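Engineer: Just passing along the structure, written as structure tokens.
Please treat every number below as a calculation from the coordinates, not as lab data. Note that the coordinates shown come from a computational prediction; the quantities given were computed from them, not determined experimentally. Here Cβ is always computed from backbone atoms with ideal geometry, including for glycine, and neighbour counts include all displayed protein chains.
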Amino acid sequence: MPITRDIKNRKGISPITTVALLLVTLLIIGGIIYMWMSIQNRAGNAIQIQSIAKDQNKTIIYVQNIGNGVVTIDSVQINALTFSIQTANCTVASQETTTVTQGQTAMITINQAYNEEVHIRVICKDGTFYERVWQP
């Protein structure tokens, strides 16, 4: 006896399900494109801690922009503490600014001195960061 299939009784995907699947697919594709574009926008940025000095009750961190473009220094983490960087404690080429152009070095002053080994991370507004362990 041959197997017959009744095509009239078969059900496909409903139009509502189809629209929902298309919307979810478009959202996923949009998210991937957004992440890719944000990575591309900061791909050329890079900083490096050139040196660190202790001056009485202060820690001075010299950070150089070694990448392409401009970076804006946002914060410095020393061990578990986070210090917000403002123009008052950041100098670039004798100007009070947190913006560092390609090749320039910023001098960041933290009003706290350390006598033991510390983990320092400098973070820019675009997410670029550099970290280093320092022993005074």
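Engineer: Tabulate in residue order the Karplus-calculated ³J(HN,Hα) for region 75-84, using 6.51 cos²θ - 1.76 cosθ + 1.60 with θ = phi - 60°, rounded to whole Hz; enter x for Gly and Pro.
Structural biologist: Running phi through 6.51 cos²θ - 1.76 cosθ + 1.60 with θ = phi - 60° gives 7, 10, 9, 10, 6, 8, 8, 10, 10, 6 Hz.
Engineer: So who's got an amide H within less than 5 Å of the one on ILE85, skipping anything under 5 residues away but keeping other chains? H placed 1.01 Å off N, in plane.
Structural biologist: Here SER75, VAL76 satisfy the definition.
Engineer: Right, something else. Between the helical axis of 15-42 and the dominant principal axis of the chain, each derived from Cα atoms, what acute angle in degrees is found, rounded to the nearest 10?
Structural biologist: 20
Engineer: Treating the beta-carbon of each Lys and Arg as +1 and of each Asp and Glu as -1, no other charges, what is the dipole magnitude of the chain about its Cα centre, to the nearest 20 debye?
Structural biologist: Details: 10 positive and 8 negative charges, 183 e Å.
In debye, rounded to 20, the chain gives about 880.
Engineer: Ordered by residue, what ³J(HN,Hα) values in Hz, to whole numbers, does region 85-96 give under the Karplus form 6.51 cos²θ - 1.76 cosθ + 1.60, where θ = phi - 60° and Gly and Pro are x?
Structural biologist: Whole-Hz 3J(HN,Hα) from phi for region 85-96: 9, 10, 5, 5, 10, 9, 10, 10, 6, 6, 10, 7.
Engineer: Amide H of THR97: which non-local residues (sequence gap of 5 or more, or other chain) have their own amide H closer than 5 Å, using H built in the peptide plane?
Structural biologist: Under 5 Å from the amide H of THR97 lie the amide H atoms of CYS90, THR91, VAL92, each far enough along the sequence or on another chain.
Engineer: Further, regarding this structure: Name the residues whose placed amide hydrogens come within less than 5 Å of the amide hydrogen of GLN50, ignoring near sequence neighbours (fewer than 5 apart) on the same chain.
Structural biologist: Close amide H contacts, sequence-distant or interchain: TYR62, VAL63, GLN64.
Engineer: Moving on. Applying a 10 Å radius around every beta-carbon, put 114-125, 57-68 in order of their mean neighbour count, most first.
Structural biologist: Averaged packing, sorted descending, gives the order 57-68, 114-125.
Engineer: Could you tell me what a quarter of the Cα convex hull surface of region 47-134 works out to, in nm² with one decimal place? Mind dumping the intermediate values first?
Structural biologist: Working: hull surface 20.2 nm².
Result: a mean projected hull area of 5.1 nm².
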